[in-house]
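Structure record follows, encoded as structure tokens.
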Amino acid sequence: MLEIFQKTVSENITFEGIGLHSGKISTVKILPANEDTGIIFKRVDLENNNIIKANFLNVTSTKLCTTLENTHGVKVSTVEHLLAAIYISGIDNAIIEISGEELPIMDGSAKEFLDNIKKRGLKKQNKKRKYLKVKEKIELKDGKREISIQPNDTSLEVSFQLDYKNKVIGKQKNTVDFQKDNLRDVINSRTFCLYSDIEKIKKIGLAKGGSLDNAVVVDEDKILNEDGLRNKKEFVNHKILDLSGDFLLSGYRILGKVYCYHGGHELTNLLLHKIFERKSLLKFTELDSVYISKEIKFNHSHKLAVNA
Ligand SMILES: [Zn+2]
């Protein structure tokens with residue numbers, strides 16, 4: 001069911017943990033925010049220019065995680081799993097204070113973020129939520145990778161297919177409807193990597209905080225984590241989780257039927273750019289009731305004026 005009104009957290013929610021790539025401990029605090037604020041990161045370790053809006057135009061790197069950066073060069077990275085938890089729980093507005101550059105990876109999934117958000121609860125706000133729909137298919141191809149979105153007025157449905165040479169991951173695929181399906185497996189699915197890639201990733205200064213406690217590691221035909229996978233399609237389910245978090249960077253709740261072949265953070269971000277370049281193909285709506293949507297006209301260039 002689609003929500004009519006915007007929501008924020010009803011009280012502060014705090015998390016602490018190690019950053020996957022930096023290996024540094026950081027503390028994150030989700031604070032309530034007014035209507036139409038959207039999601040804003042605030043680096044509390046810095047005194048000036050420390051606000052970074054969660055918007056796809058602020059994405060400056062998609063190398064193994066999504067990094068946001070404001071015009072002063074201040075960054076926040078590995079935002080996608082918390083953003084996915086924010087998307088799935090239904091938060092529209094929040095200030096996210098963070099004590100360093102990288103968000104904690106927790107257990108590599110969105111589970112701990114979501115469990116805590118659910119425990120504390122959300123507060124309904126007075127303004128209506130804005131949904132973004134597409135009137136026609138918008139697609140993007142890059143070699144064998146591709147991503148597209150087609151009209152679907154009532155939900156966000158994501159079909160994702162991987163294409164790994166590794167036999168354990170292989171061509172795993174799944175389709176998830178974020179409005180209709182049980183999202184437990186998506187929420188619980190952890191980030192993953194190939195054992196053979198770990199040295200390469202560490203050489204470029206990433207994955208310093210990575211371990212079997214926060215990632216699934218696959219070595220040729222076996223999974224190195226003692227307890228194996230949390231669900232049969234954990235690899236592709238994690239990619240679907242990533243996509244939901246990256247989609248929240250549109251500043252709207254996107255409704256549509258998404259197909260992605262072997263994509264990731266970069267391809268999702270390129271699709272968001274393409275969607276907003278096709279303004280005549282977009283509809284922005286609010287809901288009058290759960291079933292009736294009303295097209296709205298407003299100046300969304302304001303919405304895209306980021307780095308507030
Ligand atoms: Zn991820």
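Selection of first residues in the range 210-239 that are closer than 20 Å to residue 84 by Cβ and among the basic types (Lys, Arg) and of second residues that are open to solvent by less than 60 Å² (accessible area, probe 1.4 Å) and outside any helix (DSSP H, G or I), restricted to Cβ pairs under 6 Å at least 6 apart or on distinct chains, gives the following pairs, ordered by first then second residue: 233/172; 233/174; 239/160. Say whether the condition of being within 18 Å of residue 12 (Cβ to Cβ), more than 16 Å from the ligand (Cβ to nearest atom), assigned to a loop (DSSP other than H, G, I, E, B) and open to solvent by 40 Å² or more (accessible area, probe 1.4 Å) is met by at least one residue in the range 95-106. Yes, the range 95-106 has at least one match. Selection of the range 139-175 for residues being closer than 25 Å to residue 38 by Cα and of a type in the set (Val, Ile, Thr) yields 149, 154, 158. Applying a threshold of 8 Å to beta carbon distances and a minimum spacing of six or more residues, or different chains, the list of pairs starting in the range 43-65 at a residue that is without any contact (Cβ under 8 Å) to a residue 40 or more places away in the chain and ending at one that is hydroxyl-bearing (Ser, Thr, Tyr) reads 60/67; 61/67; 61/77. Within the bounds of the range 40-59, is there any residue that is open to solvent by less than 10 Å² (accessible area, probe 1.4 Å), over 30 Å from residue 263 (Cα atoms) and assigned to a strand (DSSP E or B)? No, there is no match, as no residue in the range 40-59 is open to solvent by less than 10 Å² (accessible area, probe 1.4 Å), over 30 Å from residue 263 (Cα atoms) and assigned to a strand (DSSP E or B).
The requirement of being at pLDDT 95 or above and either closer than 19 Å to residue 89 by Cβ or away from the ligand (no atom under 16 Å from the Cβ) (or both) is fulfilled somewhere in the range 190-199, by at least one residue.
No other residue among 127, 202, 171 is surrounded by fewer than 17 Cβ atoms within 10 Å (Cβ to Cβ), part of a strand (DSSP E or B) and away from the ligand (no atom under 16 Å from the Cβ) apart from 127.
Restricting the range 60-78 to residues that are within 16 Å of the ligand (Cβ to nearest atom) and under 18 Å from residue 271 (Cα atoms), the residue that is surrounded by the most Cβ atoms within 10 Å (Cβ to Cβ) is 66.
Total residues in the range 227-238 satisfying the condition of being more than 16 Å from the ligand (Cβ to nearest atom) and of a type outside the set (Gly, Ala, Ser): the figure is 2. Here residue 178 fulfils each of the conditions (1) surrounded by 18 or more Cβ atoms within 10 Å (Cβ to Cβ); (2) without any contact (Cβ under 8 Å) to a residue 12 or more places away in the chain apart from (2).
Output the residue which, of all residues in the range 205-221 that are part of a strand (DSSP E or B) and surrounded by fewer than 20 Cβ atoms within 10 Å (Cβ to Cβ), is farthest from the ligand (Cβ to nearest atom). This residue is 219.
For the range 142-149, state whether one or more residues are part of a strand (DSSP E or B), in contact (Cβ under 8 Å) with a residue 60 or more places away in the chain and of a type in the set (Gly, Ala, Ser). Scanning the range 142-149, I find at least one residue that is part of a strand (DSSP E or B), in contact (Cβ under 8 Å) with a residue 60 or more places away in the chain and of a type in the set (Gly, Ala, Ser), so the answer is yes. Just one of the listed residues (224, 241, 255, 287) is away from the ligand (no atom under 16 Å from the Cβ), within 18 Å of the chain's Cα centre (by Cα) and not aromatic (Phe, Trp, Tyr), namely 255.
The values are calculated or read from the model by the stated rules, or taken from the named source; none is laboratory data. Nothing here was measured: the structure is a model prediction, and the numbers come from that model. Cβ: placed from backbone, ideal geometry, glycine included. Neighbour counts: every protein chain shown. Just the protein is used for accessible areas: all its heavy atoms, side chains included, with ligands, DNA and RNA removed. Shrake-Rupley method; radii C 1.70, N 1.55, O 1.52, S 1.80 Å.
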